[in-house]
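Below you'll find the structure, written out as structure tokens, and then a few comments.
The values are calculated or read from the model by the stated rules, or taken from the named source; none is laboratory data. These numbers come from a predicted model, not from an experiment. Here the Cβ is made from the backbone with ideal geometry for all residues, glycine too, and neighbour counts use every protein chain on show.
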Number of protein chains: 2
Amino acid sequence: MREDRTVAAPASNGVRSVNRALALVDAAAMAGQGGLSLGDAAEALGVAKSTAFNLLKTLVAHGYLREERPGPRYLLGMSLMRLGDLVGQHLPVAEMSRALLRELTAATGLTSRVAVVDDGCPVFLERVDGPGMVRFHTPLGFREAPHASAAGKAILATYDDARVRAICEAEGLVPHTRSTIDTVDGLLADLEQTRARGFAVDDEEAAEGVFCVGAAFSDHQGRCLGALSVTGIRAEAPPSRLLQIGQLVREHADRLTKDMGGHLNEVPASLDTRPRRGERG
Amino acid sequence: MREDRTVAAPASNGVRSVNRALALVDAAAMAGQGGLSLGDAAEALGVAKSTAFNLLKTLVAHGYLREERPGPRYLLGMSLMRLGDLVGQHLPVAEMSRALLRELTAATGLTSRVAVVDDGCPVFLERVDGPGMVRFHTPLGFREAPHASAAGKAILATYDDARVRAICEAEGLVPHTRSTIDTVDGLLADLEQTRARGFAVDDEEAAEGVFCVGAAFSDHQGRCLGALSVTGIRAEAPPSRLLQIGQLVREHADRLTKDMGGHLNEVPASLDTRPRRGERG
DNA sequence: AACTCCGTTCGGTACAGCCGAACGAGATTC
DNA sequence: GAATCTCGTTCGGCTGTACCGAACGGAGTT
């Protein structure tokens with residue numbers, strides 16, 4: 001993974017001890033099942049052991065970390081699970097899509113996920129793993145790249161070209177595999193195809209050997225809220241099956257739109273005759 | 001809700017700004033979909049607005065909160081979802097039990113959950129909702145009372161009487177309904193029954209009209225790790241069905257024990273000659 | 001147009017949090 | 001079994017930061 005280690009320092013802004021404390025949570029998250037020792041924590045922050053000690057104790061008191069005895073090692077705590085669960089409950093999308101995801105997984109045999117849009121990027125809220133032996137590394141709450149994921153392209157396909165260009169400029173077209181689209185024009189052409197067929201395809205563009213199919217859903221005003229997507233192994237998906245899967249994803253996304261009080265009559269993604277009206281707000 | 005407002009002040013111990021920051025996260029969690037305004041935050045903490053402002057900004061920078069425009073309101077952020085998901089991944093139990101929970105729900109038509117033991121209390125890690133219209137308020141990462149839940153009693157049943165008494169003393173036998181067991185002797189008698197039949201029953205002891213059935217699972221050393229439980233409406237569960245459900249839960253818990261490399265040797269508490277981990281607060 | 005209500009910015013100051021040193025428990029080596 | 005080492009934990013003094021209050025600016029309301 002190409003993870004930056006600079007999580008600790010949002011620099012100029014913010015309250016120092018809070019920054020440090022949250023950096024410790026991140027450190028514990030990265031440490032995995034092994035957890036952190038006091039020494040690890042102090043070193044990760046570049047502070048004295050006693051400082052790290054106080055911060056750790058504070059986090060433990062709030063249940064953000066738990067200390068595993070003996071030789072106390074610090075692991076992620078139960079409060080985080082409780083809070084993470086609440087995030088999902090506060091977003092009605094997660095709740096409403098759960099049944100649909102289960103259906104999608106049952107029908108396709110693939111891992112299904114739902115993402116909401118955040119600054120043009122898909123953020124995954126909920127996941128139902130497929131029955132296969134292969135598990136994908138698809139953490140919840142994770143921002144994926146918009147240009148290199150089916151959900152992302154499904155979302156972008158609901159925007160006009162100008163907005164897509166703006167997002168590309170902000171995010172950058174970072175390559176993930178050999179197949180990742182790395183030019184704006186290439187992306188716009190792909191989005192045109194996406195609109196025509198009603199669903200987006202990521203053909204080994206995010207990870208080698210892995211494909212995704214995604215379709216967007218929207219609210220009652222027709223604004224894109226997010227996307228459903230399914231993920232599987234490229235080798236197991238012949239082109240014919242891909243079309244069938246795409247239509248399934250499209251149908252489920254439409255049902256989600258309806259469930260959320262939206263209407264499909266206006267501007268479905270399958271019609272590329274989108275009148276580019278300037279949007280306000 | 002009868003929530004204490006004293007989350008903010010673990011007082012003597014801990015780093016003040018971190019305590020305040022995490023109290024803000026809790027406040028945002030309680031605020032629900034509405035979120036917090038800056039004024040709310042300042043008032044909840046009893047600090048100046050500018051102070052709350054800095055703390056909120058710091059939390060937003062880390063993704064613990066997100067600001068919803070306009071008139072910025074602060075809601076729980078995506079980092080919490082990501083971290084909450086990681087907690088589950090770091091605990092192998094959650095992963096391994098997922099398929100079992102799905103089976104249990106399919107077989108019984110009830111909501112299934114898995115809990116791990118934390119200081120004698122069950123903490124729920126994972127949940128699979130049943131198909132019924134009724135949804136139970138069962139947040140993940142939540143500590144339930146050991147004496148008033150099926151999972152809790154299933155866990156206690158693996159301990160010896162002395163340890164049960166110690167836990168009762170520490171936690172207190174808080175009544176939840178008219179049926180809640182509120183004496184230590186009553187609890188010990190119930191645990192004896194639990195051991196005899198192999199599963200624990202909560203008959204409207206946690207909430208009126210709701211029943212739970214739970215069974216414990218253990219690790220390779222025979223130490224209790226946690227419990228599986230199912231939850232349903234009391235009126236829909238005739239005694240005959242209860243027995244059948246109990247056996248199903250028992251079987252699935254045993255399978256989980258095996259999956260985790262454990263053996264199903266009898267002897268729950270008597271062999272467990274480690275009274276408790278000595279620790280002072 | 002004036003008023004009000006919020007969010008946001010900006011310094012000065014008190015005190016909270018940081019550091020370093022010292023203590024104690026467990027493990028490891030000879 | 002004693003000595004040594006490592007690591008967690010405690011304590012007090014100093015420093016710098018996080019807090020407060022006041023002032024600013026924009027949006028909605030009368």
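Results, tabulated for the structure shown:
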quantity: Unmet criterion (only one of (1) over 26 Å from A:Q33 (Cα atoms); (2) within 10 Å of the chain's Cα centre (by Cα)) for B:P122; calculated: (1)
quantity: Residue ID - farthest from B:L248 (Cα to Cα), chosen from residues in region B:156-201 that are of a type in the set (G, A, S) and part of a loop (DSSP other than H, G, I, E, B); calculated: B:G172
quantity: Identity of the residue in region B:43-53, away from chain A (no Cβ under 14 Å) and within 8 Å of DNA strand D (Cβ to nearest atom), that ends up farthest from B:L65 (Cα to Cα); calculated: B:G46
quantity: Extreme residue, farthest from the other protein chains (Cβ to nearest Cβ), among residues of region A:77-111 that are of a type in the set (G, A, S) and under 18 Å from the mean Cα position of the chain (by Cα); calculated: A:S97
quantity: Only one of A:L91, A:L38, A:L100, A:L76 that is farther than 30 Å from A:L125 by Cβ and in contact (Cβ under 8 Å) with a residue 12 or more places away in the chain; calculated: A:L38
quantity: Residue within region B:145-158 that is away from chain A (no Cβ under 14 Å), in contact with a Gly (Cβ under 9 Å, 6 or more places away or on another chain), among the β-branched types (V, I, T) and surrounded by fewer than 21 Cβ atoms within 10 Å (Cβ to Cβ) present; calculated: no
quantity: Any hit, region B:112-128, residues being modelled with pLDDT of 85 or more, more than 21 Å from B:D219 (Cα to Cα), away from every other protein chain (no Cβ under 12 Å) and outside any helix (DSSP H, G or I); calculated: no
quantity: Single condition B:H62 does not satisfy, out of (1) more than 25 Å from A:A115 (Cα to Cα); (2) touching a Ser or Thr at 6+ places or on another chain (Cβ under 8 Å); calculated: (1)
quantity: Scope region B:56-76; condition under 29 Å from the mean Cα position of the chain (by Cα) and within 11 Å of DNA strand D (Cβ to nearest atom); matching residues; calculated: B:L56
quantity: Residue within region B:68-76 that is within 9 Å of chain A (Cβ to nearest Cβ) and among the acidic types (D, E) present; calculated: no
quantity: 1 or more residues of a type in the set (F, W, Y) and not assigned by TED's automatic domain parsing to the domain that holds A:S218: qualifying helices (runs of 4 or more DSSP H) within region A:4-108; calculated: A:49-61
quantity: Long-range neighbours under 8 Å by Cβ, at least six apart or interchain, first residue farther than 15 Å from A:D26 by Cα within region B:52-69, second assigned to a helix (DSSP H, G or I) and polar (S, T, N, Q); calculated: B:L55/B:S17
quantity: Number of the exception - A:V7 against (1) within 15 Å of DNA strand C (Cβ to nearest atom); (2) β-branched (V, I, T); (3) modelled with pLDDT under 95; calculated: (1)
quantity: Looking only at region B:23-32, and only at residues there that are over 18 Å from A:L91 (Cβ atoms) and either aromatic (F, W, Y) or touching a strand residue (DSSP E or B) at 6+ places or on another chain (Cβ under 8 Å) (or both), the one that is nearest to the other protein chains (Cβ to nearest Cβ); calculated: B:L24
quantity: Unique match (being closer than 23 Å to A:G77 by Cα and under 18 Å from the mean Cα position of the chain (by Cα)) among B:F136, B:F142; calculated: B:F142
quantity: Test: residue in region A:207-216 that is of a type in the set (D, E, K, R) and either modelled with pLDDT under 85 or touching a strand residue (DSSP E or B) at 6+ places or on another chain (Cβ under 6 Å) (or both); calculated: no
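For every residue, the table says whether it meets (1) closer than 18 Å to B:H90 by Cα; (2) within 11 Å of DNA strand C (Cβ to nearest atom).
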| site | (1), (2) |
| --- | --- |
| A:S17 | no, yes |
| A:A21 | no, yes |
| A:G34 | yes, no |
| A:E43 | no, no |
| A:T51 | no, yes |
